[in-house]
Structures are given as structure tokens and as C-alpha cells.
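What follows is one structure encoded as C-alpha cells, with my remarks underneath.
The values are calculated or read from the model by the stated rules, or taken from the named source; none is laboratory data. In this text the structure is predicted, and so the values were computed from the model without any measurement. Using ideal geometry, Cβ is built from the backbone for each residue, glycine included, and neighbour counts are taken over all protein chains shown. In case anyone asks, the SASA skips ligands and DNA or RNA and just uses the protein heavy atoms, side chains included. Shrake-Rupley method; radii C 1.70, N 1.55, O 1.52, S 1.80 Å.
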Amino acid sequence: MTSQRTRDRLITLLEQHGIKNKELLNVLRKIPRHLFMDQALASRSYENTALPIGYGQTISQPYTVARMTELLLENGTPNKVLEIGTGSGYQAAVLGAFVKELHTVEIIDALYRQSRDLLYQLGYRNIRTHHNDGKMGWAEKAPYEAIIVTAAPEIIPDSLLQQLSTGGQLIIPVGKQNNPQKLLTIIKRADSSFQTIEHETVQFVPLV
Ligand code: SAH
């Protein structure tokens, strides 16, 4: 079921779980999540759950996408953002509704191609997809006001910190494989030191 009523139910659930940003809730209401996954699973696409997208990867749980986006938008809408781990392209689509320029990097070629084509078909012209190892970030367009990582490393890659602008924030799950990971916001201060804010635990596939 991909009806508007099914979608609205998900939005109500996200609100009940504490997502407050109305603009974000409206964007989530509109984006066709069922197009970002295998059609065999489309009937489950408005459940609040992560689902397989092939190649051992998953489309993130809607609540997690909403939560990370809400954190990213907390201190105003950034212009230029980098996402590591394009996957299905769903998180990219959500961000693409807000930011002027989104760069997103995916390491698996087939997923990179799929999401690139889908995001283009859906009309996004402000999202640039790249096929690369995202641990190195995307230096060509650095610095970024925000970097969001949707796969979990055990250690924060230094190049991501380097590619933040002053006042910029990195939103990243950190922790061991198969364990719950800590969701962190790391802010780059004017003196180039970093401030870390810890949020709840999350469950992501590993950053390889
Ligand atoms: N944001 C995605 C979540 C996908 S799961 C979505 O909305 O669907 C995480 C993705 O990160 C997977 O597609 C995986 O292949 C990718 N990934 C893992 N390690 C990576 C790396 N080093 N560089 C770039 N992408 C990586």
C-alpha cells in the first residue's frame, strides 16, 4: 500500500516519536519512498523500518532519516552539504528538498547508478551523485556547511572533519559493526577545534 493515507500514517508516527520540524514533515509526506526500493517490497515502504536495497545494504529507517535531517537543519538551512552513503538515494532526496547544493558519494557502483538515475527522473537538479570511497569525503567541492554520514565507521575519518567549513557540522553514527552506534554531531569551531554532541544510539550498516 502506497496510498496517501498510508504515507500520512507514517508522518503521524514520526511526529509521535518527536520530530517537530513541520517543513520537514511536509517534505517527508511528499517524497515517494516506495520508488527508492525494490518493487517487491514497495508495499512496506511506509512502515517505520529499514529495508534491504540489495548488495547487503538498506534504505534507512524513516525515523532515522527524519532525525538526522532535523539535526542538520537545526541551526538554519545549510547551502552546501555532503552525504556519504547514497544507497537508495532517499536521504539525498530529503536533503535535496532543502539545500542549494548536495553532493552524495556511494561506493557501490550499481547503487550509485540507480540512485543517480532515480534522483534525475524525480527532477532533482541540485544533487550531484559521485561514485567513490566516501571516507575521503569529496574534496573537489569542500568545504561543506554540513556533512552527513549514513553508514557507521568505528573511527571518524579525518578527511571529513577537514572538509567542514568553520561552524560546519558533521552528523555521523560511530561504533562497532553489529552493535548499536552513537549518533554524534561534531561542530568545527572558529579556532579549528571540535565540539562533540552525543545523541541517541542508531543502527547503520558499516562504512567500509
Ligand atoms: N542514505 C542511504 C542509506 C544507505 S545504507 C539511504 O537513504 O538509503 C549506507 C550506504 O553507504 C550503502 O549504500 C553503502 O554501500 C554505502 N557505503 C558504505 N561504505 C561507504 C564508503 N566508504 N563510501 C561511500 N559509501 C559507502
Inset, instruction - Measure off 7 Å from each Cα along the Cα-to-Cβ vector at Asp38 and Met136, then give the distance between these two points in nanometres to one decimal. - result: 3.2
Legend entry - Under 5 Å, built H, 5+ apart or other chain: amide partners of Arg128: Leu102, His103, Thr104
Inset, instruction - Just the number, please: percent antiparallel of the DSSP beta bridges in the stretch 63-202, rounded to the nearest 5. - result: 40
Legend entry - Relative intensity, log₁₀ I(q)/I(0), of the chain from a Debye sum that treats every alpha carbon as a point, q = 0.15 Å⁻¹: -0.90
Legend entry - Probe 1.4 Å, accessible area per residue of the chain, Å²: 47
Inset, instruction - For Lys22, go through the lysines and keep the ones whose alpha-carbon is under 21 Å away, minus same-chain ones fewer than eight residues off. - result: Lys30, Lys100
Legend entry - Spin-label model distance (nm) - Gln162 vs Phe194, 7 Å beyond Cα toward Cβ: 1.3
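Ordering Ser165, Ser43 by how much accessible area each has at a 1.4 Å probe, largest first, what is the list?
Ser43, Ser165
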Legend entry - the stretch 135-208 versus the stretch 31-87: alpha-carbon centroid distance in Å: 17
Legend entry - Local electrostatic count, Lys135, Cβ distance below 13 Å [Lys/Arg +1, Asp/Glu -1]: -4
Inset, instruction - In whole Å, largest first, what are the principal axis extents of the Cα atoms in the stretch 15-56? - result: 33, 18, 17
Inset, instruction - Sum up the charges of everything whose Cβ sits under 12 Å from the Cβ of Lys20, counting Lys and Arg as +1 and Asp and Glu as -1, but leave Lys20 out. - result: -2
Legend entry - Percent RCO, i.e. relative contact order, over the stretch 63-202, from Cα pairs under 8 Å lying at least 6 residues apart: 19
Legend entry - Point-to-point label distance, Ser3-Ile155, nm (Cα→Cβ direction, 7 Å offset): 5.3
Inset, instruction - Please list, in chain and number order, the residues 5+ apart from Thr58 or on another chain whose amide H is under 5 Å from its amide H, with Hs placed from the backbone. - result: Ile53
Inset, instruction - Identify all lysines with a Cα-Cα distance to Lys20 below 16 Å; exclude those on the same chain that are fewer than 8 residues away in sequence. - result: none
Legend entry - Derived scalar couplings ³J(HN,Hα) [the stretch 73-80; Karplus, 6.51 cos²θ - 1.76 cosθ + 1.60; whole Hz; x for Gly, Pro]: 8, 4, 9, x, 7, x, 7, 10
Inset, instruction - Return the carbon/sulfur percentage of the accessible area of the chain, one whole number, probe 1.4 Å, all protein chains in place. - result: 49
Inset, instruction - Quickly estimate the mean residue ellipticity at 222 nm for the chain, helices only: each DSSP H run with n ≥ 4 gives -39500 (n - 2.57), and the total goes over all residues, rounded to 500. - result: -8500 deg cm²/dmol
Legend entry - Neighbour count of at most 15 Cβ within 10 Å plus DSSP loop: longest GluC sites (Glu not before Pro)-free window in the chain: 75-153
